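The values are calculated or read from the model by the stated rules, or taken from the named source; none is laboratory data. Just so you know, these numbers come straight off a predicted model, no measurement behind them. Positions of Cβ are generated from backbone atoms using ideal geometry, with glycine treated the same way; all protein chains shown enter the neighbour counts.
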Amino acid sequence: MTGLEKFDIKFVKGVGEVRAKLLAAELGIHSMRDLLYTFPFRYIDRSRYFKIADFEADSPNVQVKGRFIRFDKEGEGVKSRVKGLFSDGDRLMEVVWFSRGAKITSGLSTGKEYVIFGKPSNFKGVWSMAHPEIEIFDPQKPPQGHYGVYSLTEILRKKNLNIRTLRNIIRNAMLSREFSQIKETLPAEVISAHKLMPIGEALRQMHFPENHDMLRKARERFKFEELYHLNIHILRFARYRNHKVKGRVLPRVGEMFNRFYKEIIPFDLTSAQKRVIREIRKDMISGRQMNRLLQGDVGCGKTMVAFMTMLIAADNGLQACLMAPTEILASQHYETLSEWCEKLGLKVALLTGSVRTSRRREIHEGLLSGDINFLVGTHALIEESVQFRELGLAIIDEQHRFGVAQRARIWNKSDIAPHVLVMTATPIPRTLAMTVYGDLDISVIDELPPGRKPVQTILRYDENRHEVNRLIYSQLAVGRQAYIVYPLIKENEKLTLKSLEEGYRYACETFPKFKVCYVHGKMTPAEKEYQMNLFVTGEASILVSTTVIEVGVNVPNASVMVIENAERFGLSQLHQLRGRVGRGAAKSYCILMSHIKLAADSRKRLEAMTATNDGFLLAETDMQMRGPGDMEGTQQSGLAFNLRLASLATDAEMLEITREAAVQTLSHVPSIAHLPGEDTYCAESIRILNDEAALRFRNDRDWSQIS
Ligand code: ADP
Ligand code: MG
């Protein structure tokens, strides 16, 4: 807590009632702390004069000192412009005015020394600047340092609150008595151990940097601060849960598990699957609640691990549930599990949004009486009305659609919190695993079942369509099946359906001997199921769909995945889609269809897909290219943290360092329920941690109620 949180912004010199309201409404600035933590998003360097020879393609705005040599008018009418030839003593550049050039240049003279300030651009080797700021060079006035540029809104500008005003307000705040008494937001021992810039100095350098080096140090401090408190928050949450939440002990691996393993399971487990089951077993007898993330690339066999974990629950007389993000996936899990459960004499039920009321009532009763052992379903199964006799285990498939809050809701379904296993096929870069999923232990299946041939991925353009059709045909002819996927066009649902319909018709015409079915998000669950079933049973050879099939669908006989307008998909989505094929023993193909004219980053994405089948590598590439903000899961994670300066894509090292620091700090804090003042040794540090947590993680209050 800086001590400035309570200081109303309206009392800062130059603000007042009206501007205070504006700043609050437009930028969320209420207190002096908010104001000072509103950092520039870039800086203008007026600390030195640049030479034209030093310009670079991506130079920011720079200032150059020199003389105009002459002015020329070029072109006629709307295309007319005025050009000035400018020399810095060594080199020449052009200064261009597209409007009002004559007027501006009439006030300038050749021979006088000027300082011009603007963004250089290069065209065919000639540097130029359009509409720069121009001042007469004054030898009495030295270069003026770095300026912060803040992002303001149109409304602020209209009300005369521009960047210069904001800068002055910040300067005034820094001259206040309150600012001179500012308190640290990091524990003293952390500051000294990591040689961080103290808060007051760091704020000053962020807004009015003396030089690059000081600015870098200040930014580093705030990145550190941000990630450190995030790590503390995550670690405390996990610690709180371990401390407060008792775990059921499931000591028996009994009849069901062993019978399934010896008699029913249709293949040998991979050694990765075995290892993960051992890790899960360990959690289940630890007396602590299991909170485990199971990561494994598409097709690695997570469902099997899930089911065998459910059998352990059954062996200990407890119920288990398996939650999936879509109805299609839930019913598919249900089908798979039903077959096995029947052989074991266990009862499994399916609960989705489209289950009728009467059936629903039956299920509710069966769950309460304990008659139903396993429940498979969608979101529907976290509803209040769904109660179990004794729920021992909850499994969530495809984590990226569920957040912390939803996970927590399952806990309330039982007096003792059930063990929680979260499964995801979206490979998660390490930084995300440490933050978004930072409260979970992690298991990885890093091995595919034997005999899988890697999917061959190729990039093709519309003009190659005949060749692509031949490939599809050759696969259909030997009895295989094919997916053809169209992108969801977010802005225009009609367009999505149109392209899907056209695609459906095209497939029917092109492959008249084969049955084609189709699925999209706007169908009723019954229609969807009917169409999906045609494909799952093999009656239809081609499935034309939108991305509803992205997650989980398992048709091992399918060997071709055609992705239309592949450039419209993100990397992780493409990888998920590709994972739908290559599930059987046959060689499989993923064909990325695209326009020949591709934006550079789209091309990079598609080429990354053709280069590797490794989901983790792609996840890292994805994060580097897009930043983690767009990554699926970050928004829905429920962690609701908002990084202002640090980036999960580029600050991995800082994240590791701050994790270490957070672990170190917490090792001195005897219990998380610890209140300030109870322990003189680290009372001040604990106060800081508590205060910052309350300020930074407002949205997560409900975490503390989970018990
Ligand atoms: P995912 O991890 O993507 O959910 P699934 O659990 O759907 O993968 O498994 C993909 C396919 O691999 C399924 O057809 C499943 O029966 C099969 N499978 C799972 N484990 C093994 C194994 N150890 N050996 C052979 N096939 C396996
Ligand atoms: Mg799966």
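Of all the residues that make up the range 379-398, how many are within 16 Å of ligand 1 (Cβ to nearest atom) and hydrophobic (A, V, I, L, M, F, W, C)?
2
Which of (1) modelled with pLDDT of 90 or more; (2) surrounded by fewer than 24 Cβ atoms within 10 Å (Cβ to Cβ); (3) away from ligand 1 (no atom under 16 Å from the Cβ) is the odd one out, the single condition T303 does not satisfy?
(3) is the only condition that T303 fails.
Return the only residue of T431, T424 being more than 16 Å from ligand 2 (Cβ to nearest atom) and either touching a residue at least 12 places away in the same chain (Cβ under 8 Å) or touching a Ser or Thr at 6+ places or on another chain (Cβ under 9 Å) (or both).
After applying the criteria, what remains is T431.
Residue under question is K453, and the condition is that it be surrounded by 21 or more Cβ atoms within 10 Å (Cβ to Cβ), basic (K, R), away from ligand 2 (no atom under 16 Å from the Cβ) and closer than 23 Å to G579 by Cα; does it hold?
no
Go through the range 274-307 and give me each residue that's within 13 Å of ligand 2 (Cβ to nearest atom), assigned to a helix (DSSP H, G or I) and not charged (D, E, K, R).
T303, M304, V305, A306, F307
Scan the range 91-127 residue by residue and report those that are surrounded by 12 or more Cβ atoms within 10 Å (Cβ to Cβ) and among the charged types (D, E, K, R).
R91, E94, E113, K119
Only one of these conditions is not met by L269: (1) in a loop (DSSP other than H, G, I, E, B); (2) touching a residue at least 60 places away in the same chain (Cβ under 8 Å). Which number is it?
(2)
Sort through D72, D54, D45 and tell me the only one that's modelled with pLDDT under 85 and on the phi < 0 side of the Ramachandran plot.
D45
Mind listing whichever residues of the range 389-421 are within 16 Å of ligand 2 (Cβ to nearest atom), modelled with pLDDT under 75 and not basic (K, R)?
E398, Q399, H400, F402
Could you grab me the full set of residues in the range 152-177 that are of a type outside the set (A, V, I, L, M), within 23 Å of E210 (Cβ to Cβ) and in contact (Cβ under 8 Å) with a residue 12 or more places away in the chain?
T165, R167, N168, R171, N172, S176
Could you please find all residues in the range 276-290 being more than 12 Å from ligand 1 (Cβ to nearest atom) and in contact (Cβ under 8 Å) with a residue 12 or more places away in the chain?
E279, I280, R281, D283, M284, I285, S286, G287, R288, Q289, M290
Looking at A380 and the list (1) under 17 Å from A330 (Cβ atoms); (2) assigned to a loop (DSSP other than H, G, I, E, B), which single condition is not satisfied?
(2)
Please list, ordered by first then second residue, the pairs with beta carbon atoms under 8 Å, 6 or more apart or interchain, first in the range 119-148 and farther than 28 Å from M206 by Cα, second loosely packed, with under 14 Cβ neighbours inside 10 Å and not charged (D, E, K, R).
Pairs found: N122/A57; S128/N122; A130/F98; H131/F98.
Would you mind stating whether M310 is within 16 Å of ligand 2 (Cβ to nearest atom) and out of contact with any His (no Cβ under 6 Å at 6 or more places or on another chain)?
When the stated conditions are applied, M310 passes them.
If only one of L322, L294, L318, L311 is buried (at least 23 other Cβ atoms within 10 Å of the Cβ), more than 30 Å from S572 (Cβ to Cβ), within 16 Å of ligand 1 (Cβ to nearest atom) and touching a residue at least 12 places away in the same chain (Cβ under 8 Å), which one is it?
From the options L322, L294, L318, L311, the qualifying one is L311.
Within the range 145-154, is even one residue part of a helix (DSSP H, G or I) and touching a strand residue (DSSP E or B) at 6+ places or on another chain (Cβ under 6 Å)?
No, that holds for no residue.
For G200, are the conditions met, namely being outside any loop (DSSP other than H, G, I, E, B), in contact with a Lys or Arg (Cβ under 8 Å, 6 or more places away or on another chain) and not β-branched (V, I, T)?
no
So which residues in the range 567-602 are within 16 Å of ligand 2 (Cβ to nearest atom), free of Cβ contacts under 8 Å to residues at least 60 places away in the same chain and assigned to a loop (DSSP other than H, G, I, E, B)?
Once the filter is applied, which keeps residues that are within 16 Å of ligand 2 (Cβ to nearest atom), free of Cβ contacts under 8 Å to residues at least 60 places away in the same chain and assigned to a loop (DSSP other than H, G, I, E, B), the range 567-602 yields only G584.
Report, by residue number, each residue of the range 161-181 that is outside any helix (DSSP H, G or I) and either modelled with pLDDT of 95 or more or surrounded by fewer than 17 Cβ atoms within 10 Å (Cβ to Cβ) (or both).
N162, S176, Q181
Can A540 be described as farther than 13 Å from Y486 by Cβ, surrounded by fewer than 23 Cβ atoms within 10 Å (Cβ to Cβ), at pLDDT 90 or above and of a type in the set (G, A, S)?
Taking the combined requirement at face value, the residue satisfies it.
Collect the residues in the range 147-156 that are of a type outside the set (A, V, I, L, M) and surrounded by 13 or more Cβ atoms within 10 Å (Cβ to Cβ), keeping them in residue-number order.
Y147, G148, Y150, T153
Just to verify a result, which residue in the range 325-367, among those that are away from ligand 2 (no atom under 16 Å from the Cβ) and in contact (Cβ under 8 Å) with a residue 40 or more places away in the chain, is surrounded by the most Cβ atoms within 10 Å (Cβ to Cβ)?
The qualifying residue surrounded by the most Cβ atoms within 10 Å (Cβ to Cβ) is L367.
Only one of D58, D45, D72 is acidic (D, E) and more than 38 Å from the chain's Cα centre (by Cα). Can you tell me which?
D72
Examine the range 29-52 for a residue that is over 30 Å from M174 (Cα atoms) and part of a loop (DSSP other than H, G, I, E, B), and state whether such a residue exists.
Yes.
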